[in-house]
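Single-structure report; data block below.
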Amino acid sequence: IEEIAMVDNLSDGRFFAGVGKGISPLEHVFWGHPAEEAVPRFEETLAIVARGLTNDRLTYEGRFYQFHDVPMLLKPKQQPYPPFWYAGNVEHAAHYGMNFIGGGSLKNLPVTAARYKELWEAGREAPDRLNEHVMEPKFGSVRHMYVAETELEAERVGRRAWAAYHANFPKPGYATEAATGTSGPSLGGDFDLACRVEAALVGTPSRIRDYVAAYAETGMNYFVGAFQWGDITHEEATRSLGLFADEVMAGFRGA
């Protein structure tokens, strides 16, 4: 709670608070938490954070945590608190009223956008609703991107970086879903599959610009480009981001 308040003040009220329960059961087991407790632990922790950000003192009696009259000394710049964002699960995000970042292809995004808006409206009176101060929520998806002068260069760096991205997920000595199947975030390390399902987006500025234009027609109102992932170097990321800013974004100014 104090860290959220501190960063929100340091950034002059530009902080977004991203929350989630984690992806892999192994993440919970490492810290002595049964994986089946992930959802109730997340829900309880989220309630505590929201309460702490909006009260001068924190008292909470829950299944996992108990706090009694703890003084909340720091206040966020944004009131009542920075907007909460949730990644991956559109139902959870919409139910809680949180902004949303997910995945999916251009073909599937209109369904996701419609589902989010439907659930966001339906959950307005939910007792555990958050982000009540957010009148127009943001919802979109993320793409691992590499923009280059040529398609060949974009594919070369993207393929290399995706292999490194995948290698970052397995834990030595443990078999995890990220390492053994295509259901994890890295899709089993399959770069061609990542491109087909649009988890990875690599190409020339012209190709990326056409993609963003098509994305804008899906009903989503937010777009996230991840520019440094896997083993993409600072220099490569800077060059890619520069091309995106100068030759892709420039095409949408004033639109």
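The values are calculated or read from the model by the stated rules, or taken from the named source; none is laboratory data. Model, not experiment: these values are computed from the prediction. Using ideal geometry, Cβ is built from the backbone for each residue, glycine included, and neighbour counts are taken over all protein chains shown. For the accessible areas, the whole protein counts, side chains as well, though only heavy atoms, and no ligand, DNA or RNA atoms are used. Shrake-Rupley method; radii C 1.70, N 1.55, O 1.52, S 1.80 Å.
Can you give the % of DSSP beta bridges in region 38-166 that are antiparallel, to the nearest 5?
Of those bridges, close to 40 percent are antiparallel.
Using the Cβ atoms and a cut-off under 12 Å, what net charge is assigned to the surroundings of residue 251, where Lys and Arg are +1 and Asp and Glu are -1?
Details: positive: 209, 253; negative: 210, 246, 247.
Taking every Cβ under 12 Å from that of residue 251, the sum is -1.
At 222 nm, what value in deg cm²/dmol follows for the chain if DSSP H runs of at least 4 each add -39500 (n - 2.57) and the sum is divided by all its residues, to the nearest 500? Mind dumping the intermediate values first?
Details: 10 runs with 99 residues, N = 255.
It lands at -11500 deg cm²/dmol.
Name the residue from 72, 110, 165 whose Cα lies farthest towards the positive end of the charge dipole of the chain, charges +1 on Cβ of Lys and Arg and -1 on Cβ of Asp and Glu.
110
Contour minus end-to-end for residue 74 and residue 108, with contour as 0.36 nm per residue of separation and end-to-end as the Cα-Cα distance? Working shown, then result.
Working: separation 34, 0.36 × 34 = 12.24 nm, distance 4.20 nm.
My answer for the length gained is 8.0 nm.
With all protein chains present and a 1.4 Å probe, how do 143, 63 order by accessible area, largest first?
These residues rank, largest area first, as 63, 143.
How do 241, 73, 106 rank by accessible surface area computed with a 1.4 Å probe, from largest to smallest?
Working: 241 85, 73 135, 106 45 Å².
Solvent-accessible surface, decreasing: 73, 241, 106.
Provide the per-residue ³J(HN,Hα) series for region 4-11, in order, calculated from phi with Karplus coefficients 6.51, -1.76, 1.60 and θ = phi - 60°, each as a whole number of Hz, with x at glycine and proline positions.
For region 4-11, the Karplus curve yields 4, 5, 5, 5, 5, 6, 4, 8 Hz.
Near the amide H of residue 201, under 5 Å away, which other amide H atoms are found, from residues 5 or more places off or on another chain, if H is placed in the peptide plane?
144, 145, 146
At 1.4 Å probe size, with no ligands or nucleic acids counted, give the accessible surface of residue 124 in Å², nearest ten.
The value for residue 124 is about 110 Å².
What spacing in nm lies between the two simple spin-label points modelled at residue 222 and residue 45, each 7 Å away from Cα in the Cβ direction?
Taking the two extended label points, one gets 2.0 nm.
In the full protein assembly as shown, how much of residue 133 is accessible to a 1.4 Å probe, in Å² to the nearest 10?
Residue 133 exposes around 70 Å² with every protein chain in place.
List residues of region 190-224, by number, whose backbone nitrogen lies under 19 Å from a label position 7 Å along Cα→C-beta of residue 149.
Those under the cut-off are 202-209.
In whole Hz and in residue order, list the ³J(HN,Hα) couplings for region 205-216 that follow from phi through the Karplus curve 6.51 cos²θ - 1.76 cosθ + 1.60, θ = phi - 60°; x for Gly and Pro.
x, 4, 5, 5, 4, 4, 5, 4, 4, 5, 4, 5
What does the charge add up to near residue 194, with Lys and Arg as +1, Asp and Glu as -1, over the other residues with Cβ less than 12 Å from its Cβ?
Here the count lands on -1.
Can you tell me the 0 to 90 degree angle between the C-alpha axis of helix 109-122 and the longest principal axis of the chain, rounded to 10?
10
Take every DSSP beta bridge with both residues inside the chain and express the antiparallel ones as a percent of the total, to the nearest 5. Walk me through the intermediate numbers first.
Values: 4 of 22 bridges.
Here the antiparallel bridges make up roughly 20 percent for the chain.
Counting only heavy atoms of protein chains, what accessible area per residue, in Å², does region 71-194 have with a probe of 1.4 Å?
On the way: 6220 Å² over 124 residues.
In whole numbers, region 71-194 has 50 Å² accessible per residue.
First select every other residue whose beta carbon is under 9 angstrom from the beta carbon of residue 161; then total the charges, Lys and Arg +1, Asp and Glu -1.
Cβ neighbours under 9 Å give a net charge of 0.
Taking a probe of 1.4 angstrom, what is the accessible area of residue 132 in Å², to the nearest 10?
Spelled out: residue 132, probe radius 1.4 Å, area about 130 Å².
Need the full-extension length gain, residue 14 to residue 36, defined as separation in residues times 0.36 nm minus the C-alpha distance. One decimal, nm.
Extending this stretch completely gives an extra 4.5 nm.
Which angle from 0 to 90°, rounded to the nearest 10, does the C-alpha axis of helix 234-243 make with the longest principal axis of the chain?
80
Could you work out what % of the accessible surface of region 1-76 is carbon and sulfur, using a 1.4 angstrom probe and leaving DNA, RNA and ligands out of the count?
Working: 2710 of 4770 Å².
That share works out to 57 percent.
Extension gain residue 57-residue 247, at 0.36 nm per residue separation less the Cα-Cα distance, in nm?
That works out to 63.4 nm of additional length.
Would you kindly derive the ³J(HN,Hα) couplings of region 16-33 from the backbone phi angles with the Karplus curve 6.51 cos²θ - 1.76 cosθ + 1.60 (θ = phi - 60°), listing them in order in whole Hz, with x for Gly and Pro?
My calculation for region 16-33 gives 10, 9, x, 10, x, 8, x, 9, 9, x, 4, 4, 7, 4, 3, 9, x, 10 Hz in order.
Pick from 30, 15, 42: which residue has the top mean-square fluctuation in a GNM of the chain where Cα pairs under 10 Å get a spring?
The residue with the greatest mean-square fluctuation here is 30.
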